[in-house]
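Chemist: The structure that follows is given in the form of structure tokens.
The values are calculated or read from the model by the stated rules, or taken from the named source; none is laboratory data. Note that the coordinates shown come from a computational prediction; the quantities given were computed from them, not determined experimentally. A quick note on method: Cβ atoms are made from the backbone with ideal geometry, for glycine too, and the neighbour counts reach across all protein chains shown.
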Amino acid sequence: MTTEIQPVVESVEVGLVVEEAFRLFTEQMHTWWPVARHSIGEGKVETIVFEGRTGGRVYERWDDGAEADWADILEWDPPHRLRLAWHPNESGLSTDVEVSFAASEAGTRVELTHWGWENLGADAVAARESYSGGWKTVLDIFRAAA
Amino acid sequence: MFDALGDPTRREVFELLRAGPRSVGEIAARLPVSRPAVSQHLRVLKDARLVVDERAGTRRIYRVDPSGIDGLRRYVESFWKDALASFKASAERRSSGDD
């Protein structure tokens, strides 16, 4: 029996035009991302840098100047789509995140698809061993939920 | 540049198990790594609760643990839901003229 693993798909609808939604999501990510809950450096994070171009990096910068990588931009197609190699862990294992922005009645529908998330678990132990940081490891989360 | 720098062998071990239950020997036969290396990867996957094992005679058979996968999926879903909810809240402040 093969274990079929479907990508995770989540979406929201926002009352902004597509171009504004795309800009807010990407270059203004530092204004909304919940850093306290989801980052590597937590209280040390000064900002999130989103280099908006193919091959650009997405990373958090700490108040001491250190950087922690989140992703590389594989495809940059403003204002409709971007695709990231998502790897916010020091082991470097990468998974695939695509975000699309489509005009809707209320403004813009933003849909995020995450492939390869199942590989994060295999890396969770390595991630936990490599940094003591604030990004809750997958392992801790779903142990707590058990 | 965009290569996964992580542990590709561990992912391959996991991929093999997704195709069906296997013993350490069966996995090692399909990969260019030693049995002890395979055992080490299986220990990590077991610790992450992605695989379980049971004795079948003298052999230990490993298989994917669906409940481990489900737990992991729930975490990933809640992670992105949370991020998108923050994005939406920020968008709402923006579209109402605040911020």
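Chemist: Give the residue, chosen from B:18, B:11, that is touching a Ser or Thr at 6+ places or on another chain (Cβ under 9 Å), facing chain A (nearest Cβ under 9 Å), surrounded by 13 or more Cβ atoms within 10 Å (Cβ to Cβ) and modelled with pLDDT under 90.
Modeler: B:18
Chemist: Let me ask another. Since residue A:59 meets every condition but one in (1) surrounded by 17 or more Cβ atoms within 10 Å (Cβ to Cβ); (2) under 29 Å from residue A:17 (Cα atoms); (3) within 14 Å of chain B (Cβ to nearest Cβ), which condition does it not meet?
Modeler: Of the numbered conditions (1) surrounded by 17 or more Cβ atoms within 10 Å (Cβ to Cβ); (2) under 29 Å from residue A:17 (Cα atoms); (3) within 14 Å of chain B (Cβ to nearest Cβ), the odd one out for residue A:59 is (3).
Chemist: Something else now. So which of B:39, B:86 is surrounded by fewer than 20 Cβ atoms within 10 Å (Cβ to Cβ), touching a helix residue (DSSP H, G or I) at 6+ places or on another chain (Cβ under 6 Å) and either among the polar types (S, T, N, Q) or part of a loop (DSSP other than H, G, I, E, B) (or both)?
Modeler: Of the residues listed, the single one that is surrounded by fewer than 20 Cβ atoms within 10 Å (Cβ to Cβ), touching a helix residue (DSSP H, G or I) at 6+ places or on another chain (Cβ under 6 Å) and either among the polar types (S, T, N, Q) or part of a loop (DSSP other than H, G, I, E, B) (or both) is B:39.
Chemist: Here are some conditions: (1) on the phi > 0 side of the Ramachandran plot; (2) surrounded by 15 or more Cβ atoms within 10 Å (Cβ to Cβ). Residue A:100 meets all but one. Which one does it not meet?
Modeler: (1)
Chemist: Now for a different question. When the residues of region A:1-15 are narrowed to those that are out of contact with any strand residue (DSSP E or B) (no Cβ under 7 Å at 6 or more places or on another chain) and not aliphatic (A, V, I, L, M), which ends up modelled with the lowest pLDDT?
Modeler: A:2
Chemist: Just wondering, is there one or more residues in region A:31-41 that are of a type in the set (Ser, Thr, Tyr) and more than 9 Å from every other protein chain (Cβ to nearest Cβ)?
Modeler: yes
Chemist: With the requirement that a residue be without any contact (Cβ under 8 Å) to a residue 24 or more places away in the chain, touching a helix residue (DSSP H, G or I) at 6+ places or on another chain (Cβ under 9 Å) and not in a strand (DSSP E or B), what does region A:38-67 give you?
Modeler: A:63, A:64
Chemist: I would also like to ask the following. Given the conditions (1) of a type in the set (A, V, I, L, M, F, W, C); (2) modelled with pLDDT of 90 or more; (3) closer than 29 Å to residue B:46 by Cβ, which single one is not true for residue A:120?
Modeler: Going through the list (1) of a type in the set (A, V, I, L, M, F, W, C); (2) modelled with pLDDT of 90 or more; (3) closer than 29 Å to residue B:46 by Cβ, residue A:120 breaks only (2).
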